[in-house]
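What follows is calculated from the coordinates using simple rules that are stated; it is not laboratory data. Just so you know, these numbers come straight off a predicted model, no measurement behind them. In this analysis, Cβ positions are derived from the backbone assuming ideal geometry, glycine residues included, and neighbour counts consider all displayed protein chains.
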2 protein chains.
Amino acid sequence: MNDVAARAGVSLKTVSRVVNGEPGVLPATAERVSRAIADLGFRRNDSARQLRTGRAAGIGLILEDVSDPFYSVLTRAVEQVVRDNDCLLLTGSCDDDPDREQELAMALCERRVDGLVMVPAATDHSYLAHEIRAGVPVVFVDRPPINLAADVVLADNVGGARDGVRHLINNGHRRIAYLGDDLAIFTARERLTGYRSALAGAGIPQDESLVVMGRAEPVAVRAALDRLLSQPNAATALFCGNNRLTTVVLRELAGRVDRPALVGFDDFELADLISPGLTVVAQDPAGLGRVAATLLFDRLAGLSDAPRRVVLPTVLIPRGSGEAPPPATF
Amino acid sequence: MNDVAARAGVSLKTVSRVVNGEPGVLPATAERVSRAIADLGFRRNDSARQLRTGRAAGIGLILEDVSDPFYSVLTRAVEQVVRDNDCLLLTGSCDDDPDREQELAMALCERRVDGLVMVPAATDHSYLAHEIRAGVPVVFVDRPPINLAADVVLADNVGGARDGVRHLINNGHRRIAYLGDDLAIFTARERLTGYRSALAGAGIPQDESLVVMGRAEPVAVRAALDRLLSQPNAATALFCGNNRLTTVVLRELAGRVDRPALVGFDDFELADLISPGLTVVAQDPAGLGRVAATLLFDRLAGLSDAPRRVVLPTVLIPRGSGEAPPPATF
DNA sequence: CTGAAAGCGCTTACAG
DNA sequence: CTGAAAGCGCTTACAG
């Protein structure tokens, strides 16, 4: 900026005015400055600006894995809001590793981002209390924070799972298995609650042998399916707690003749093209991202209520796999 | 840092030493400083550090759209390399808008990122020459830069398309249509070249009525398919130039009885589960991201050859849709 | 309409 | 092993 000032024959402050489009510079002066900027290929140094203003014009996004379609769509939505607010987005995947989450969050705070949107992995977020007090708003998405009062935007996991399971019940099923993620994960617990609630609502007794929680690994899923579908009182329908599990289940089911009815939580790109079409409880990942980011910027603009909890509805999309009736009993 | 120094009864410099893990601090002193840091909840301000050191410890990634699976997988790979180098990632989608690309690139440069990885959208990248000269390396991915000498990492578009079309030829097809993206897009041109090369190699005459270039819009695709599949000398096989087109085509084909053989460029999550399985020419989006980011850090570490052009191989994955023979002629 | 001075919070280069 | 001074490139607050 000094060089530009020298070349244009003005002071530093005048260059600053031109660069920032502040009023009160004679057109002729501004013109000279602009030319000097172009000649020198000057580009304002944002770190200096940040240091002085205290504003990074950047927000951080932490999630499990950008390459997962659910999160990549969410990321895109956050990106859009961030852009509308003339900010830049800093991102990081933490692979559900609590330490990595904290590492990322701290790195972003050291960088003095204006705020944070995060899909939490950790089991204790009290480490963020100090940052929030220091004026860095944090909005959680998809899962709530633990030991911390902060904004959170969630999908209606209980209601969505209940709808999905109820749909199977309405199609005549009473032996419905639930395959879900590890219970350590908030959404897995919520969806299991929805499953139980649907059964209870229909007066169907809970059978713990029909509930399988764990990672989406082909071998484990195959073993579970073998058991569920061949045990004396076999399951006639499956409800899958998330898209990764649904994928593995679909693949394992591909070879089998008597396929159970199936409803999955989370929608897929090609879900309508497989045969039968996959019936799903669709979440709104873009909505989650958009609402969370918008709330963050509202906080940044001064909104200071108590932490909010926003729940977004899910939608049941029947495509065939969830409408198959149970086999006739003999 | 001043507060920490005061509380620990040491100088600023000593605090800096502790924070940065520099040697030459008595354990007892370091201990006092650490306690002061913890008590005050001190977090180093990276903008100040950046200003002084000139290093952002951050790199920028610009691409078309993170929510596209191809790019989200690429993003994840870049992220991984960035993390291994103790950097943070700044991202932005430009929706194939040249102005937006430049806007993002400039914003990232003002922020003094250490380097840039980009899937270009613009038709002129000379605006980056100054930045590169100023020491900010830029690596292009998926498409080469225009009017600029810079590193680029590409998929083997020509070879991949040639393999895909040749595969159809080997299965007996001679009337093979090519549906590709707009010719303004580099990869679309390359893949068309591969298509032509495969035909030429088999001595099959080029028929321009079988080549359709355009956006992946259902209405346009349907019209093209109606024409291609019903014209006197109808196409018996289709080669789709990218995943978005393939999706639309699959959807349009879903209702039809006489389905042509089909090979798509780009792999899909559920490509093996649709029926028939989708035969694809798979790119390696993670490889593209990894190689590009690694090259960027090599540049940052001082590598100073001439700009490189790295081409990554593609793989043909037969799954059924590309192996169907043409209908018997009468 | 324009500018001189101070300072944001660190690190660098040097001295002791 | 520890510290005092200068400076990175801007903006803020003020003066003229």
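Which residues, taken from region B:131-145, are β-branched (Val, Ile, Thr) and over 19 Å from the mean Cα position of the chain (by Cα)?
Step one: list which residues in region B:131-145 are β-branched (Val, Ile, Thr), which gives B:132, B:136, B:138-139, B:141.
Residues satisfying the conditions are B:ILE132, B:VAL136.
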Name every residue in region A:43-65 that is buried (at least 17 other Cβ atoms within 10 Å of the Cβ) and either part of a helix (DSSP H, G or I) or within 9 Å of DNA strand C (Cβ to nearest atom) (or both), in order of residue number.
A:ASP46, A:SER47, A:ARG49, A:GLN50, A:LEU51
For region A:69-161, which fully contained helices (runs of 4 or more DSSP H) count at least 1 residues that are in contact (Cβ under 8 Å) with a residue 40 or more places away in the chain?
A:69-84, A:98-110
The one condition in (1) surrounded by fewer than 22 Cβ atoms within 10 Å (Cβ to Cβ); (2) aliphatic (A, V, I, L, M); (3) over 30 Å from A:PRO145 (Cα atoms) that A:LEU192 fails to fulfil
(3)
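Name the residue, out of A:ARG49, A:ARG17, A:ARG112, that is more than 7 Å from every other protein chain (Cβ to nearest Cβ), within 20 Å of B:LEU88 (Cβ to Cβ), within 16 Å of DNA strand D (Cβ to nearest atom) and over 19 Å from the mean Cα position of the chain (by Cα).
A:ARG49
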Output yes when any residue across region B:109-124 is among the basic types (Lys, Arg), buried (at least 18 other Cβ atoms within 10 Å of the Cβ) and within 28 Å of A:PHE42 (Cβ to Cβ), and no when none is.
yes
Of the residues A:LEU90, A:LEU12, which is in contact with a helix residue (DSSP H, G or I) (Cβ under 9 Å, 6 or more places away or on another chain) and away from DNA strand D (no atom under 11 Å from the Cβ)?
A:LEU90
Go through region B:20-46 and report how many residues are away from every other protein chain (no Cβ under 11 Å) and either within 14 Å of DNA strand D (Cβ to nearest atom) or in contact with a His (Cβ under 7 Å, 6 or more places away or on another chain) (or both).
16
Considering only helices (runs of 4 or more DSSP H) wholly within region B:1-42, the ones with at least 1 residues that are more than 10 Å from DNA strand C (Cβ to nearest atom) are B:2-8, B:27-40
Which pairs turn up if I take residues in region A:1-19 that are of a type in the set (Val, Ile, Thr) and look for partners that are in a loop (DSSP other than H, G, I, E, B) and near DNA strand C (Cβ under 9 Å from one of its atoms) with beta carbon separation below 7 Å, at least 6 apart in sequence or on another chain?
A:THR14/A:VAL25; A:VAL18/A:VAL25
Out of curiosity, is A:ARG76 among the basic types (Lys, Arg), in contact with an Asp or Glu (Cβ under 9 Å, 6 or more places away or on another chain) and away from DNA strand C (no atom under 16 Å from the Cβ)?
yes
Would you point out which residue out of B:ASP267, B:ASP258 is of a type outside the set (Val, Ile, Thr), within 13 Å of chain A (Cβ to nearest Cβ) and in contact with a helix residue (DSSP H, G or I) (Cβ under 9 Å, 6 or more places away or on another chain)?
B:ASP267
Which residues, counting only those in region A:131-146, are under 17 Å from A:ALA184 (Cα atoms) and surrounded by fewer than 16 Cβ atoms within 10 Å (Cβ to Cβ)?
A:ILE146
Single match in B:LEU154, B:LEU104, B:LEU128 (criterion: within 18 Å of the chain's Cα centre (by Cα), within 14 Å of chain A (Cβ to nearest Cβ) and crowded, with 19+ Cβ neighbours inside 10 Å)
B:LEU104
When A:ARG244 is run through (1) touching a Pro at 6+ places or on another chain (Cβ under 7 Å); (2) surrounded by fewer than 21 Cβ atoms within 10 Å (Cβ to Cβ), the failure sits at (1)
Hits in region B:270-300 (condition: of a type in the set (Ser, Thr, Tyr), more than 14 Å from chain A (Cβ to nearest Cβ) and surrounded by fewer than 23 Cβ atoms within 10 Å (Cβ to Cβ)):
B:THR294
